[in-house]
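The values are calculated or read from the model by the stated rules, or taken from the named source; none is laboratory data. Quick caveat: nothing in here was measured; it's all calculated off a predicted structure. Quick reminder, even Gly has a Cβ in these numbers, built from the backbone with ideal geometry, and neighbours come from all protein chains shown.
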Amino acid sequence: MSTSASTVSVTLPATGSTATGASKALTIGFVGIFITALGLLLPGNGKVVALAWLVGVSFWTAIAIGMLLLVMIHHIFDASWSVVLRRQYEHGLAAFKWLALLFSPLIVVTWLNPGLIWKWTNLNYELHGHGTVGEDVLYLKKAAFLNPTMLSAMTAGFFLLWIWLSYRLRKASFSQDTDGNIGWTHMNRATAAFGIPLAALALTGASIYWLKSLEYHWFSTMYGVWFFANCARGALSIGVIIMVWLYARGDYKGILNKNHMHSIGQLMLAFTVFWAYVSFSQYFLIWNANIPEETFWYNLREINNSNGEPNQWKWVGMTLLFGHFFLPFFALLSYRFKVTHHIIKRIAYFILAIILIDIIYNVMPVLKDVHGDPKPFLSLNLLWILTAVVGVGGVCVWAYLKSFPSAKLIPIRDPRIKECLTHHE
């Protein structure tokens, strides 16, 4: 690696304004949030709306975590090909503080109405055929970890860590554009060295607190790894969409080449296989061990307790099997698909949709009827999920577009920028 950083020799194209797009994104976000809030006016709909909001915030937070990890992985490996994409991820990290704000209503609701979202936050919550949470032996063993105070403190800690790491990475990268100091690269490499394990622990804790603990009886040692796989796949897919968008409007002309697209497509393929390995391994081990404390989670998502008939969630699971693995796997095997902009963009959108379904699959079956069977997947509940995803997503896109003009289009004084611009050419 060179000991100094110099400005890249190519002339950057003039970048168009993002102010109008930012305003539109924020407006869309507010509309989505408002429509979601209207769901609270329906009698007995509070739990549905709260869980839908949890899905929306978790989905976009997963993507932001993926961006953070990919930026740090870039630095720790001193990668060259990903330099131009890294800058767009750095802009995406601006969403963390707003995601923390958007998550806060769930914490407030937990204190005002314990048990509405996470049943273990209310010791008097009636379990289906098992007494109350406070009388449950499995809860008592986890009570030091699963309580409202720990949930609030740990959630605040997770977001503060992600925000702090993002601040350090953005500051160093943006400052290097101005002074070209190689020390900023060294600072980011040091940040990545301690930041990757810290962020990994935080995303594992967040996935357990926010999602897995909805069914706190369930045991899974792979849950954090499953969540990480979705974080990485979501971030890579968003990266493809951003790259294609910037190329289409002229910003990335002369910067982005087929080899960049092929490289990110290879990573998308790798994490597709990784998700399949993690998910299959967990399912197979639980099926093979056949322990009730583990199998009930999948049984709930396959058959009804009341009549033993398959429920809608079984077909959602099959959708994940083919949509999360087989379809993107075979599509991403193709070199042409990976380097053709309109094709790889469609694959990216498809993967994002499947990741959303995967999170819904993990959250919404906790809504049960009087027989203990999960409420159907195809229901009005999907409306609040979609409006929540649009609402949170609008704010995240606004945060990205608002940050976009605050730095150069690409890191012009990064030591690896010249190698990046001629990647495999």
query: Would a scan of region 343-359 turn up a residue that is over 22 Å from the mean Cα position of the chain (by Cα) and modelled with pLDDT of 95 or more?
result: yes
query: Mind checking which residues of region 211-251 are among the hydroxyl-bearing types (S, T, Y), in contact with a Phe, Trp or Tyr (Cβ under 9 Å, 6 or more places away or on another chain) and buried (at least 18 other Cβ atoms within 10 Å of the Cβ)?
result: S213, Y216, S237
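Identify, from the list K375, K368, K345, the residue that is charged (D, E, K, R), in contact (Cβ under 8 Å) with a residue 60 or more places away in the chain, under 24 Å from L116 (Cβ atoms) and surrounded by fewer than 20 Cβ atoms within 10 Å (Cβ to Cβ). So that I can check it myself, show each step before the final result.
Details: K375 fails: in contact (Cβ under 8 Å) with a residue 60 or more places away in the chain; K345 fails: under 24 Å from L116 (Cβ atoms).
The match here is K368.
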query: Within the group F145, F103, which residue is in a loop (DSSP other than H, G, I, E, B) and free of Cβ contacts under 8 Å to residues at least 60 places away in the same chain?
result: F145
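Of all residues in region 299-311, count the ones that are assigned to a helix (DSSP H, G or I) and exposed (fewer than 15 other Cβ atoms within 10 Å of the Cβ). Walk me through how you get there before you give the answer.
So in region 299-311, the residues assigned to a helix (DSSP H, G or I) come out as 299-300.
Cutting the leftovers down to exposed (fewer than 15 other Cβ atoms within 10 Å of the Cβ) gives us 299.
Number of matching residues: 1.
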- line: Filtering region 231-279 down to residues that are of a type outside the set (A, V, I, L, M, F, W, C) and in contact with a Gly (Cβ under 8 Å, 6 or more places away or on another chain) yields R233, G234, R249, G250, D251
query: Within region 278-298, how many residues turn out to be assigned to a helix (DSSP H, G or I), of a type in the set (S, T, N, Q) and either exposed (fewer than 12 other Cβ atoms within 10 Å of the Cβ) or touching a His at 6+ places or on another chain (Cβ under 8 Å) (or both)?
result: 2
- request: Please verify whether region 106-129 includes one or more residues that are in contact (Cβ under 8 Å) with a residue 12 or more places away in the chain, surrounded by fewer than 18 Cβ atoms within 10 Å (Cβ to Cβ), over 23 Å from A156 (Cβ atoms) and of a type outside the set (D, E).
  value: yes
